[in-house]
Structures are given as structure tokens and as C-alpha cells.
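The structure appears right after this line, and notes come after that.
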Amino acid sequence: MGLSPRPDNRVVTVDPQSQEGWATTRLDFLVNWSRANSLWPMPFGTACCAIEFMATAASRFDLARFGMERMSFSPRQADVLICAGRVPFKLAPIIRRIWQQMPQPKWAISMGACASTGGMFDNYAVVQGIDTIIPVDVYVPGCPPRPEGLIYGIMMLQNKVRNERRSDTAIRDEMEPDPSSQLYIPPSVIDELSEPFGNSVHQTRSGL
């Protein structure tokens, strides 16, 4: 009939004889690939889980294989908060302030049973899961979890980062603390630099 076949728009052709080689990809794929392989953890170790977390950076497990050898003890230069251990109510406003100081994009890993659910400390002094304070992306079970468990959780987080889309604005929504949850403490109350230490402690305890 003299009709030419319909071109397939899914195929990209290039003639290397007439021009330089080039590659094309989605911007989401490129950005997420670089983010997933250059995560900077912010360690927040409070108990025995922190020892297992330290072991992941040692020579036997070598966390540097995942691009996370740069432990950042400054929240403004970190994008992954790893909470390793139980969180008492006295530390609740501290970990939330650290989370709020971290720039976007950022993620959180809850390492161990105590950080995830309160663990064996089912009492008035320990937060029953840090997801009541900050949003959590990956939960690593165990008491304490072995370094392999944390590494697997990191791999799950990397997979989650790779599948993010810049068009999805919901993944960057900040979690606003609920003043009626009995966990909300205004930053001015816990700011020990702006008022005497004793007065700060008294107001913090009365706020809880």
C-alpha cells in the first residue's frame, strides 16, 4: 500500500558517526541515585543499640560500602537520623529539635525495639515509639539488632529513596507536633542558653 511503518516513540536512536555519544535518563532517577548513595547519618545513640551501630562502621561490616562513612554530628549537615536506643521523655524535645534542624530532604531510621515501640521499658519515663515525635521511614527490629539488620534497613531506605518522585509533594511535609499529645514542649522552654539551667529544668518537667 506504500505506507511506512509507524515509528516507535519509546525507542531513542543515535548515530555515533555523525555526533558525539550521549545518554538520557529521568531527572528523578539521577537525583535519587545520587541521594541514595551519599547518605550522611546523624547518630543518636542512647543505649546498647548504639554499640551495634558503631560496629557497622568498623572494618568487619564497613558501612562505607554504602556511601555512609561520613558520620555527621551536626544536624545541619546530615540527612538521615538514626535513633539507636530508648528515648526517655527528657530527650523527646531534643531529638525533635535535631530533626527540625536537619535540612530537606531527610529520613529517619528507628533502630531497635526500644526506639520503635518502647521495648521492655513500658513505663512513664520512656517514649513508646519515636514515631510519636518524628516521622520514621524504616524500622529495624531487634533487641539489639545486629549490624546486618541495620545494614539491611539502610538498603531498604536506599530503595525507598530511589523510588521517590519530585512531583509527590507529600513526602516533604513536616510533621507538626500536637500540643495536646503531652509530648509537645516549646523550644523556648528547653532552650538552656536563654535562661538559667534550673528554671529550664523546672519548666520542662512541669510541661510534661
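The values are calculated or read from the model by the stated rules, or taken from the named source; none is laboratory data. This structure is a prediction, so every number in the text was calculated from the model and none was measured. We place every Cβ from the backbone using ideal geometry, glycine too, and count neighbours over all the protein chains shown. Side chains are part of the model used for accessible areas, which takes the heavy atoms of the whole protein and leaves out ligands, DNA and RNA. Shrake-Rupley method; radii C 1.70, N 1.55, O 1.52, S 1.80 Å.
Checking the stated criteria, Leu193 turns out not to satisfy the condition of being modelled with pLDDT under 70, on the phi < 0 side of the Ramachandran plot, surrounded by 14 or more Cβ atoms within 10 Å (Cβ to Cβ) and outside any helix (DSSP H, G or I). The number of residues in the range 41-79 that are out of contact with any Ser or Thr (no Cβ under 9 Å at 6 or more places or on another chain) and under 20 Å from Thr132 (Cβ atoms) comes to 6. Considering the range 97-123 alone, what residues qualify as being assigned to a helix (DSSP H, G or I), touching a residue at least 40 places away in the same chain (Cβ under 8 Å) and more than 25 Å from Arg166 (Cα to Cα)? Across the range 97-123, the qualifying residues are Arg97, Cys114, Ala115.
In the range 38-84, the residue that is surrounded by the most Cβ atoms within 10 Å (Cβ to Cβ) out of those that are outside any strand (DSSP E or B) and among the aromatic types (Phe, Trp, Tyr) is Phe53.
Checking every residue in the range 87-94 against the condition of being surrounded by fewer than 17 Cβ atoms within 10 Å (Cβ to Cβ), over 19 Å from Asp131 (Cβ atoms) and in contact (Cβ under 8 Å) with a residue 12 or more places away in the chain gives zero matches. Might you check whether a residue that is closer than 19 Å to Ala115 by Cα, in contact with a Lys or Arg (Cβ under 6 Å, 6 or more places away or on another chain) and in a loop (DSSP other than H, G, I, E, B) occurs anywhere in the range 86-93? For the range 86-93, residues closer than 19 Å to Ala115 by Cα, in contact with a Lys or Arg (Cβ under 6 Å, 6 or more places away or on another chain) and in a loop (DSSP other than H, G, I, E, B): absent. Residues in the range 74-94 that are over 17 Å from Lys106 (Cα atoms) and basic (Lys, Arg): Arg86, Lys90.
Among the residues of the range 140-150, just one is closer than 24 Å to Ile171 by Cα and surrounded by fewer than 19 Cβ atoms within 10 Å (Cβ to Cβ), namely Pro141. The C-beta contact set for the range 32-53 (first residue farther than 11 Å from Ala84 by Cβ, second residue open to solvent by 50 Å² or more (accessible area, probe 1.4 Å) and not in a helix (DSSP H, G or I), distance under 6 angstrom, 6+ apart or interchain) comprises Trp40/Arg70.
Are any residues in the range 133-152 outside any loop (DSSP other than H, G, I, E, B) and farther than 11 Å from Ser116 by Cβ, and if so, which ones? Don't jump to the end; show me each part of the working.
Within the range 133-152, the subset outside any loop (DSSP other than H, G, I, E, B) is 138-140, 147-152.
Once the filter is applied, which keeps residues that are outside any loop (DSSP other than H, G, I, E, B) and farther than 11 Å from Ser116 by Cβ, the range 133-152 yields Pro147, Glu148, Gly149, Leu150, Ile151, Tyr152.
With respect to the conditions (1) modelled with pLDDT of 80 or more; (2) open to solvent by 60 Å² or more (accessible area, probe 1.4 Å), Gly118 lacks only one, and its number is (2).
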